[in-house]
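So the structure is just underneath, and the comments pick up after that.
The numbers here are math on the coordinates, done by the rules we state, and not lab data. Bear in mind that the values here come from a model prediction, so they are computed numbers and not experimental data. Using ideal geometry, Cβ is built from the backbone for each residue, glycine included, and neighbour counts are taken over all protein chains shown.
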């Protein structure tokens, strides 16, 4: 066991993973832009803010059915696969991987905390770093058991929420009032949110930090730890089975796509119908109403995976694939750049358009950011080995300055 430990570059990369990562990176902005541009309460309950008629309503419906939680699920599975990739490489060369894994996790946590508290509270990197602390322990478990344990983890959030929903009538009036106020905030609360985001830099940082801390504690313990952590374990299983590396047949992926969407789409669409029928009431939509997409999204996410694996196995669309893979290869840089661009558009440090752009306008801005990332990622990688953020993360992880220029 000799040689130096270095990050994977160039021809050693697995294109299917880069394609899937690039696809998920673009898709996740469909939902994130709602949090960048509108009061946070509108993300869970679309009736809280903005027009919900005509094209704006359809943008929300299509985003909910085809994007909400789907791309986050893919990212989580990819991170689990990445844990296997990095640790297997280290163990082949040195017989151990804990030091490398936990350095990599620590520096991702640092980057995530900076992103969450200073730029945008909706950060997901902190969640992945915290989950990576324990999913590493499962890296040598066989795939079937990883899948079972992962689904078990994912189920815990559902159990918590269904119990909370069942207990709602038995809570004190004060506790119920606080929860309902968070689900349907007052106009004063929404205006305070807008003023904080469009105010001074110190006001923005203070608001970001407060919201980020809530996501990193209460929301992590009740939601992210179970869903993201469970999906990382599922991703480990899918990687070990060769599903994420396009190793299965085209027939496998085609059937997987059709079957998973045949299950997932009806569940999610039924959830949309029921939530509109209940007028997104706290008693229904916060608890039982949220579970249709929570579970249906897993099937739709797997359908997307099968779709991208079919693309990876195809000999067509080579120029498109090379650009999409470049976006995925620079996923961390592109994720952070999405935040920076959106903050400059919507926050007070930039154009201050927070709360002023309806959902139809938001999706057009999303498409424009996609175009920017399609245009810049491949040319960047033709000159440099990594994206800027990837280079920094790898240099810190491997404790030596990585070569940057090609």
Practice problem: For region 373-406 and region 127-197, write down the distance between their C-alpha centroids in whole Å. | Solution: 35
Practice problem: Could you list 137, 298, 62 in order of exposure, starting from the residue whose Cβ has the fewest other Cβ atoms within 10 Å? | Solution: 137, 62, 298
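With r defined as the distance between the Cβ atoms of residue 189 and residue 156 and R0 fixed at 30 Å, what FRET efficiency is calculated, to the nearest 0.05?
Values: r = 30 Å, r/R0 = 1.01.
Result of the calculation: an efficiency of 0.50.
Evaluate the relative contact order of the chain (contact order divided by residue number), counting alpha-carbon pairs under 8 angstrom at least 6 apart; express in whole percent. Before the final figure, lay out each step's value.
Details: 532 pairs, mean separation 123.8, N = 406.
About 30 percent, as a whole number.
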Exercise. Quick one: compute the contact order of region 244-318, relative version, from alpha carbon pairs under 8 angstrom and 6+ residues apart, as a percent.
Key: 51
Quiz prompt | Inter-centroid distance (Cα atoms) of region 245-262 relative to region 209-228, Å | solution = 33
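Sum -39500 (n - 2.57) across every DSSP H segment of at least 4 residues in the chain, then divide by the residue count to get the 222 nm mean residue ellipticity, nearest 500. Can you show the working numbers first?
Numbers: 18 runs with 292 residues, N = 406.
Taken over the chain, the calculation gives -24000 deg cm²/dmol.
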Practice problem: Neighbouring Cβ atoms within 10 Å as the yardstick, rank 234, 268, 65 fewest first. | Solution: 65, 268, 234
Quiz item: When the chain is modelled as a GNM with alpha-carbon springs shorter than 10 Å, which of 96, 313, 321 fluctuates the most?
Solution: 96
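Give the shape of region 292-356 as rounded, prolate or oblate, defined through the alpha-carbon gyration tensor: a ≥ b ≥ c are the square roots of its eigenvalues, a/c under 1.5 means rounded, and otherwise the shape is prolate if a/b is larger than b/c and oblate if not. Spell out each step's value before the answer.
Details: a/c = 3.35, a/b = 1.54, b/c = 2.18.
Because a/c hits 1.5 or more and a/b fails to exceed b/c, region 292-356 counts as oblate.
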Exercise. Sort all Cα-Cα distances of the chain into consecutive 10 angstrom bins from zero, then give the percent of pairs in each bin up to the one containing the longest distance.
Key: 5, 21, 33, 27, 11, 2, 0
Quiz item: Rounded, prolate or oblate: which fits region 262-406 when a ≥ b ≥ c are the square roots of the eigenvalues of the alpha-carbon gyration tensor, with rounded for a/c under 1.5 and prolate only if a/b beats b/c?
Solution: prolate
Quiz item: Between residue 278 and residue 291, what is the label-to-label distance in nm when each label sits 7 Å out along the Cα-to-Cβ direction?
Solution: 1.0
Exercise. Determine the distance separating the Cα centre of region 287-320 from the Cα centre of region 54-107; give it in Å without decimals.
Key: 14
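So how do 343, 372, 141 line up by other beta-carbon neighbours within 10 Å, fewest first? Write down the numbers at each step before the final one.
Working: 343 20, 372 13, 141 16.
Sorted ascending by nearby Cβ count, the order is 372, 141, 343.
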Self-check item: Nearest-ten-degree value, helix 125-135 long axis tilted from longest Cα axis of the chain
Solution: 60
Self-check item: Label-reachable residues, region 379-406, where backbone N falls under 12 Å from a point 7 Å from residue 106's Cα toward its Cβ
Solution: 396-399
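Does region 358-406 come out rounded, prolate or oblate by the C-alpha gyration tensor, with a ≥ b ≥ c the root eigenvalues, rounded set by a/c under 1.5 and, if not, prolate when a/b is larger than b/c and oblate if not?
Working: a/c = 7.76, a/b = 2.24, b/c = 3.46.
Since a/c reaches 1.5 but b/c is at least a/b, the shape of region 358-406 is classed as oblate.
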